[in-house]
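Worksheet: one structure, shown below.
No lab work stands behind these numbers, since they all come straight from the coordinates. Keep in mind that what you see is a predicted model, and the values were worked out from it rather than measured. Here the Cβ is made from the backbone with ideal geometry for all residues, glycine too, and neighbour counts use every protein chain on show.
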2 protein chains.
Amino acid sequence: MIEKGTLIIISGPSGSGKGTVVERLIDSMAYSLSISATTRRPRDYEKEGVHYFFKSVDEFKNMIENDELLEWAEFCGNYYGTPKEYVMGRLNEGKNVILEIEVLGASQVKEIFPEAVTVFLIPPDKEELKKRLIGRGTEDCETIEKRIKRASEEIELLPNYDYVVINDEVENAVERINCIVKASKFESRRYIEKIKDFK
Amino acid sequence: MIEKGTLIIISGPSGSGKGTVVERLIDSMAYSLSISATTRRPRDYEKEGVHYFFKSVDEFKNMIENDELLEWAEFCGNYYGTPKEYVMGRLNEGKNVILEIEVLGASQVKEIFPEAVTVFLIPPDKEELKKRLIGRGTEDCETIEKRIKRASEEIELLPNYDYVVINDEVENAVERINCIVKASKFESRRYIEKIKDFK
């Protein structure tokens, strides 16, 4: 029997560097990235089943009704969601699956899939957060100030997560997440069946 | 500020090999072993504050009354218990402290010290358990059968623990426990204070 993989939900405010960390985890080959379904149009380079599962509004609404989504949300007139089937398929193959997702979606998934491991990624402190948001060099002061305020608000939600990982260096953050995923395999609830072996 | 250590409670039935695993963890220098208080007489080689804190019955009863013990029990007419002060002192120095303790004591400690990480060590299966208990070669069949029965009963308590570690090889078990302790440092409840840094 293949040991089931772990579903890891990663959230973090803008400036936490979660994009880079998730990329690095995927590159390490020990993880699959969940693929979202969306009703928005594909961009030129985007491939069905690689970047997204592209759906019509009707198809998407059907998926909601048939309970085929782990979570979903509407954003700028388009629907986005996480198809259960893809995630469950990878988990059953023994793959760990990463879901990079906003705070609201994270609690939706945790509710229907309590064995998911939720990780909240944060920058080391406010100064570093500021530096990272300014570092992008693409926005004016006002936008940056707004982002910092929003990030500070989002960080207040960290108690809702199982684990908090400080992203001081990408390598450290990746190592910490690997360790969390490994330890989660030893949670006692995964061993209830094992009791039978001693009867 | 020194980061506080983690209190790790390790239990396991006879035959789980917890003695060897704990010894190996202590040898690795990353852990302190909790020292028990007892009213029994010291054996020749036993040193105060190394093997035990030796107490008179009156002294021990005072410790109980003054709430100075994390847990205690009476066994064969002697008292045994875990002094809070020693454990807290090591944790505040940033040391991880191991408490090797019976199931009943483990739940007592977890109740008053919920941030403790509880680990239940088990042999891979019933056959291996049998082999280990026979392997000691010091007991007759009836005693061994009794032990196996008791161990099987104890294993039913595994859902009470945070983690279950299968002790197939000592090295593996040690590595698993190290990983659990490391991951426990990232539990979100340890980061509540961190929220302030972003205000």
remark   = Looks like the stretch B:90-199, by Cα gyration tensor root eigenvalues a ≥ b ≥ c and the a/c under 1.5 rounded cutoff (else prolate when a/b is bigger than b/c, oblate otherwise), is prolate
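For an R0 of 25 angstrom, estimate the FRET efficiency from the Cβ-Cβ distance between A:S28 and A:E3 and round to the nearest 0.05. Could the numbers behind the result be given before it?
Numbers: r = 18 Å, r/R0 = 0.73.
It comes to 0.85.
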ask   = Most mobile of A:M63, A:M88, A:M29 per a Gaussian network model of chain A (Cα springs, under 10 Å)?
value = A:M29
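What value, in deg cm²/dmol to 500, does the helix sum -39500 (n - 2.57) over DSSP H runs of n ≥ 4 give at 222 nm once divided by the residues of chain A? The partial results should precede the final answer.
Working: 7 runs with 78 residues, N = 199.
Rounded to the nearest 500, it is -12000 deg cm²/dmol.
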request  = Mind listing the label-point distances from B:I134 to the same position on all other copies, shortest first, one decimal in nm, points 7 Å along Cα→Cβ?
outcome  = 7.2
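Compute for the protein assembly as shown: radius of gyration divided by Kirkwood radius, i.e. Rg/Rh, restricted to C-alpha atoms, rounded to two decimals. Write down the numbers at each step before the final one.
Working: Rg = 25.3 Å, Rh = 24.1 Å.
Rg/Rh: 1.05.
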remark   = Sparse-neighbourhood loop hits (trypsin sites (Lys or Arg not before Pro), the stretch B:1-87; DSSP loop; Cβ within 10 Å at most 12 others) -> B:R43, B:K47
inquiry  = Can you give me the distance in nm between label points at B:E48 and A:E59, each placed 7 Å from the Cα along the Cα-to-Cβ direction?
reply    = 8.0 nm
Copies compared at A:P114 - label distances in nm, ascending, label defined 7 Å from Cα in the Cβ direction = 1.6
note = Classified through the alpha carbon gyration tensor (a ≥ b ≥ c as square roots of its eigenvalues; rounded if a/c is under 1.5, else prolate when a/b is larger than b/c, else oblate), chain B comes out oblate
ask   = Can you name the chain A residue with its Cβ nearest the rotation axis from A to B, and give the distance in Å as a whole number?
value = A:A183, 2
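Per-residue Cβ counts within 10 Å, from other chains only, averaged over A:148-160: what number is that?
3
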message = Assume the label is 7 Å from Cα along Cα to beta carbon: what separations in nm does A:P42 have to the matching positions in the other copies?
response = 7.8
query = For the stretch B:37-70 and the stretch B:116-139, what is the separation of their C-alpha centers, rounded to whole Å?
reply = 29 Å
Ranking of A:R41, A:R132, A:R189, B:R176 by count of other Cβ atoms within 10 Å, fewest first = A:R41, A:R189, A:R132, B:R176
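Write down the percent of antiparallel bridges among all DSSP beta bridges whose residues are both part of the stretch A:7-198, to the nearest 5. Walk me through the numbers on the way to the answer.
Values: 7 of 25 bridges.
Here the share of antiparallel DSSP bridges comes out near 30 percent.
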query = Counting partner chain Cβ atoms within 10 Å of every residue's Cβ in A:178-185, what's the average?
reply = 6
query = Given the protein assembly as shown, what percent of its DSSP beta bridges are antiparallel, to the nearest 5?
reply = 30 percent
query = Of B:D27, B:D140, B:D168, which is the most mobile in a GNM of chain B whose springs link Cα atoms less than 10 angstrom apart?
reply = B:D140
ask   = Which one of B:I2, B:C76, B:I177 is farthest out on the positive end of the charge dipole of chain B, using unit charges on Cβ (Lys, Arg +1; Asp, Glu -1) and the Cα centre as origin?
value = B:I2
